[in-house]
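Below is one structure, written out as structure tokens; comments come after it.
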Amino acid sequence: MDHAATLPAAGHAETATGLNTFKVGFWVFLGSETLFFGSLISTYLVYKHQSISGPYPDQVLNIPLTSVSTFVLLMSSLAMVLALAGVQRGNRRQGLFWLFMVAVLGSTFLGFQAYEFTEFYHKGLTLQTNLFGSTFFVLTGFHGAHVTVGVIWLLTLWVQGLRGELPPERSLTVEIAGLYWHFVDIVWIAIFTLIYLLQ
Amino acid sequence: MATAEAEIQAGYHPHGRTGLWDWITTVDHKKIGLLYGATSIIFLLLGGLEALTIRTQLIRPDNHFITAEAYNQFFTMHGLTMVFLMGMPIAVALFNYIVPLQIGARDVAFPRLNALSYWIFLCGGLFLYSSFVIGAAPNGGWFGYANLSERPFSPGPNMDFYSLGLQILGIASIMGGVNFVTTIIQLRAPGMRLMRMPLFTWMAFVTSFLLITALPVLAVALFFLTFDRFWGTNFYMPAAGGDPILWQHLFWMFGHPEVYILILPAFGIVSEVIPTFSRKPLFGYAVMVYSGSLIGLIGWGVWAHHMFATGLGPIADAFFTISTMIIAIPTGVKIFNWLATMWGGQLKFTTAMLFSVGMIAAFTLGGISGVMHATSPHDLQQTDTYFVVAHFHYVLVGGTIMGVFSGSYYWFPKITGKLMNETLGKWHFWLWFVGMNLTFFPMHFVGLLGMPRRTYTYSAELNVGALNALETVGSYIMGVAAILYIWNLVRSYRKGEPAGHNPWNASSLEWATTSPPPEYNFGRVPTVRNREPLWLEGKEQVIADAQAAPGYIHMPPPSYWPILTAIGIATTFALFMTHVWWAPLIGLAATALCVMNFAFESTT
Amino acid sequence: MSMNPAAAPSSAHEAVHAHPGAGTYVVIGVILTVITAIEVAVYYIPAMHPVLAPVLLSLSLLKFVLVVMFYMHLKFDSRLFSTVFVAPLILAVSVVIGLFIIFKVLPHYQAVSALVR
Ligand SMILES: [Cu+2]
């Protein structure tokens, strides 16, 4: 950790580490978020097989459907880095196109989730039905809320880009939105394995 | 401010707002620190009044000064106030004021976020206290054990205030934690290496790390409780397969790091005060840093020592007994290092020093009784008795509050430019120290004699009436001491002796600049060459830089979006109380609007 | 909360040569897709069921690491970013493992030891 003690060489970065303060703060925030999702995932695992009435996970979870939505979210992460590369290189068209694609793919993921939730509802699983329902909906619901915030954030950036307000000098705002987006993606990587595949 | 003219001449432009509006829109870390400080002192008095009410009820056996229901509300609110509305924010007040000065920064990393944290904290505190207005304050203990906190067993709005109020306060704490971790990583002056930072800044760093890691766990635990109470889920309801013990695990996973969130800032203060008034550098600086960090880290692996009585089984009991005892080692190291710092020093017993030395004594006692109930069989005898109450009051009143008192006497001259009255200060110290020991020492015996906590009265046959009367007398003495303290603050602020920039001849950077510091803190950011920049070579240059006339300095402009966003967030949670499912969405929409404005606001 | 334009100025150019290009991103994307496909395949192959948990956990860990290292640039950025993220992450994983042991492993162990006694 002592590398933080070395002084900035470059004149433009007036921080003790030479790193951008906003980016450091955002990584700290993401560190905090890991404990939020860690606690939610723990609770799901602790309450696994504890429901005293159905429907149970193997009766409702739709693996083919969720595999597709998982793929969609993974591809949105790819789109996100391509958008960042575009903005960084000053390639406005590439940046805007991929930013929009991230928002579209994110919304598609949310659409899948909405479909999944309604399907569960018709199979008799609600937030109150049993512990599986409570832990599942609260965990994936909070994840979905994070995705929603991300989609709004990215659309805001996209509108800024359309107005020509995303020159390469401002690529850091896109990079940080990207960090958030990828974080939401890695949370889903954990959820997909722990909740869907390891029933 | 004496330097105002120089500022204008040199091209520094103050933002020129005054009065109430200035306080509402400020993003200056020093003003936010003062807001935090003033608010938490008010809550200290409220929590103290609650404590005196509790003690008055317990002054004699079979007393009926207040009802059992009122007693439940008073001890719950006393705990919540002292932990969330006094202990944490008063430390944050000092972090705010002192840390940027100690590392040579002009402000914190995210000044508007800092203001937002404060306003969310204030809204959360007001929300929690508004419960008294309708006579339904939280009544389930500060740890709100499930399933007593669930709707069927606590149908009123009391525990709604608890679950929603703490959620609001938690948001403020996480934001503050992110802000201070980032500030300390990023905004250190040239040469201020990590291993040159003052111990107070180090402890602020560790505390902030605990804030960002522990508070999210509480947030999740509270969300489950909120969902259970409002939307009929069964997270903690055994009838549906849920497990109330899960609440205890999540709560104490937050709750034990919380203990260190409360005590590490006090450790930091003592580590500043003792060297200053011993005229010696801190003994074993590096070991002090490592032990403080180790306490924070191991503090994450001991939570179930609060749960021995739940029957965790021999393996978990053994694990948590051992891990808890291990924490005593770095803590003991700190105590010995403070004593070694004093050893052979030119001791000067100012009020600040008295409080620090008193803190070491009282904290050691609380620490030792802590090791006693780390032993799980021992704990089964002590749990839920006054022995535990004695233990954590020695740690929190003897440790945290005495540490904070020490810090306030120490830094008051920096903050106001005036010295505090030492005569009043010494009265304050001795009354407090005697009152504290009178109040809490007998509780050890009362507890071992079998008096349970959280019970509004006791029978004369228990034979603890005399000791309880003594405790109540002690608490009144503490009340008198607290009034003396407030009086001293007010009086010294009005007509204290001028302090000069470094009245204690202390070693760290905050004493280089003027008292009170200008808005931009340092005219030129000094370059740090050693651990005691005002004691060792180069001190003249450091002081000259710090007090230099400023060149062009850009300070962030004031903003009213923090307070509006905070109101939006608090309203979102408060609207749950309507039990109309879409009502919080209105608050959420308003918050989103505020957040957008916050995000797009120009900070140039 | 985080579109603060004033925070952006620095490190844009350093980022450009520090970060990998579009080609690398696409390759990582393909690898992630293949791993996901393997995961789902493993789930459907009955022969794999005895080792389902270790295999799936390793594969998702690999995905996690790839995204964090390449898409979030931790492999190329300052190690400080890794430190502030990984330290809480370790705590979070410990919370999951700790609660899992307390609720799912210890009760069985204690039941067995009670029988033996
Ligand atoms: Cu504890």
Query - Ellipsoid equivalent to segment B:191-305 - semi-axes via the Cα gyration tensor, in Å - result: 39, 12, 10
Requested in this report: Normalising by the residue count of segment B:33-120, find the relative contact order in percent from Cα pairs under 8 Å and 6+ residues apart.
Outcome: 43
Requested in this report: Would you kindly calculate the mean projected area, averaged across all directions, of the convex hull enclosing the Cα atoms of segment B:304-451, in square nanometres?
Outcome: 10.2
Report task. Taking the Cβ of each residue in B:555, B:175, B:307 as the centre, tally the other Cβ atoms inside 10 Å and list the residues starting with the fewest. Result -> B:555, B:307, B:175
Requested in this report: Find, to one decimal place in angstroms, the Kirkwood hydrodynamic radius of segment B:126-234, where the mean of 1/r is taken over every pair of different Cα atoms and then inverted.
Outcome: 15.9
Requested in this report: Based on alpha-carbon positions alone, could you give the equivalent ellipsoid semi-axes of chain B from the gyration tensor, as √(5λ), descending, whole Å?
Outcome: 38, 30, 22
Report task. Please order B:385, B:233, A:193 by the number of other Cβ within 10 Å, starting at the fewest. Result -> B:385, A:193, B:233
**Report entry** Under-5 Å amide H pairs with residue B:385, H placed in peptide plane, nonlocal only
**Finding:** B:453
Query raised in the report: How well do other chains shield peptide B:173-184, expressed as the mean number of their Cβ atoms within 10 Å of each residue Cβ?
Result: 4
**Report entry** ³J(HN,Hα), Karplus 6.51/-1.76/1.60, whole Hz, each residue of segment B:380-389, x for Gly, Pro
**Finding:** 4, 6, 9, 4, 6, 10, 5, 4, 5, 4
Report task. When you have a sec, figure out the Kirkwood radius of segment B:36-117 from all distinct Cα pair distances and drop it here in Å to one decimal? Result -> 14.7
Query raised in the report: What does the convex hull of the Cα atoms come to per residue for the protein assembly as shown, in Å³?
Result: 162
**Report entry** Angle between chain B longest axis and helix B:199-231 axis [Cα atoms, degrees, rounded to 10]
**Finding:** 40
Requested in this report: Over every pair of different alpha-carbon atoms in segment B:387-519, take the mean of 1/r and invert it; report that Kirkwood radius in Å.
Outcome: 16.8
**Report entry** Proximal lysines to residue B:31, defined as alpha-carbon separation beneath 27 angstrom and excluding residues fewer than eight positions away on the same chain
**Finding:** A:23, B:414, B:418, B:495
Report task. Calculate the length of the line joining the C-alpha centroid of segment B:581-604 to that of segment B:48-95, in whole Å. Result -> 35
Query raised in the report: Once Rh for segment B:87-182 is found with the Kirkwood sum over Cα pairs, what is the Stokes-Einstein diffusion coefficient at 25 °C and 0.890 mPa s, in µm²/s?
Result: 165
Report task. Would you calculate, for chain B, the mean residue ellipticity at 222 nm contributed by helices, counting each DSSP H stretch of 4 or more residues as -39,500 (n - 2.57) and dividing by all residues, to the nearest 500? Result -> -22000 deg cm²/dmol
Query raised in the report: Using Cα atoms only, what is the angle between the long axis of helix B:285-298 and the major principal axis of chain B, expressed in degrees (0 to 90) to the nearest 10?
Result: 30
**Report entry** Cα convex hull volume per residue for chain A (Å³)
**Finding:** 122
Report task. Over the whole of B:305-312, what's the average partner chain Cβ count within 10 Å per residue? Rounded to a whole number, please. Result -> 1
**Report entry** Residue order, fewest to most surrounding Cβ atoms within 10 angstrom, among B:384, A:185, B:107, A:58
**Finding:** A:58, B:384, B:107, A:185
Query raised in the report: Under a 5 Å amide H to amide H cut-off, with H placed in plane at 1.01 Å, what residues pair with residue B:418 once short-range neighbours are removed?
Result: B:499
Requested in this report: Return the average number of partner chain Cβ atoms within 10 angstrom of each residue Cβ along peptide C:68-74.
Outcome: 6
Query raised in the report: Under the definition of Cα pairs under 8 Å and six or more residues apart, what whole-number percent is the relative contact order of segment B:145-292?
Result: 32
**Report entry** HN-Hα J in Hz across segment B:335-352 - Karplus 6.51, -1.76, 1.60, θ = phi - 60°, x for Gly and Pro
**Finding:** 4, 5, 5, 5, 5, 5, 5, 6, 4, x, x, 8, 6, 10, 8, 6, 4, 4
Report task. Please work out the C-alpha center-to-center distance from segment A:65-132 to segment B:128-153 and express it in whole Å. Result -> 40
Requested in this report: Counting residues in segment B:174-237 as N, plug N into 2.2 N^0.38 Å and put the Cα Rg over that result.
Outcome: 1.66
Query raised in the report: From the phi of every residue in segment B:123-140, what ³J(HN,Hα) in whole Hz does the Karplus formula 6.51 cos²θ - 1.76 cosθ + 1.60 yield, where θ is phi - 60° and glycine or proline is x?
Result: 4, x, x, 5, 4, 4, 6, 5, 4, 5, 4, 9, x, 9, 6, x, 9, x
Query - Cubic angstrom per residue, convex hull over Cα atoms of segment B:530-584 - result: 164
Report task. Enumerate the whole-percent occupancy of each 5 Å bin, from 0 to the last occupied one, for all C-alpha pair distances of segment B:269-368. Result -> 2, 13, 19, 19, 16, 11, 8, 6, 4, 2, 0
**Report entry** Translational diffusion of segment C:28-117, µm² s⁻¹ [Kirkwood Rh, Cα pairs; Stokes-Einstein; 10 °C; 1.306 mPa s]
**Finding:** 99
Report summary line: Helix B:465-495 sits off the longest principal axis of the Cα atoms of chain B, rounded to the nearest 10 on a 0 to 90 degree scale, by 20
**Report entry** Evaluated at q = 0.13, 0.16, 0.21, 0.22 Å⁻¹: base-10 log I(q)/I(0), Debye formula over Cα of segment B:480-604
**Finding:** -0.83, -0.88, -1.05, -1.11
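Taken together, the values in this text are just the output of simple stated rules run on the coordinates, not laboratory data. Just so it is clear, the structure is predicted and the values come from calculations on it, not from any experiment. Cβ sites come from the backbone with ideal geometry, for glycine too, and all protein chains shown count toward neighbours.
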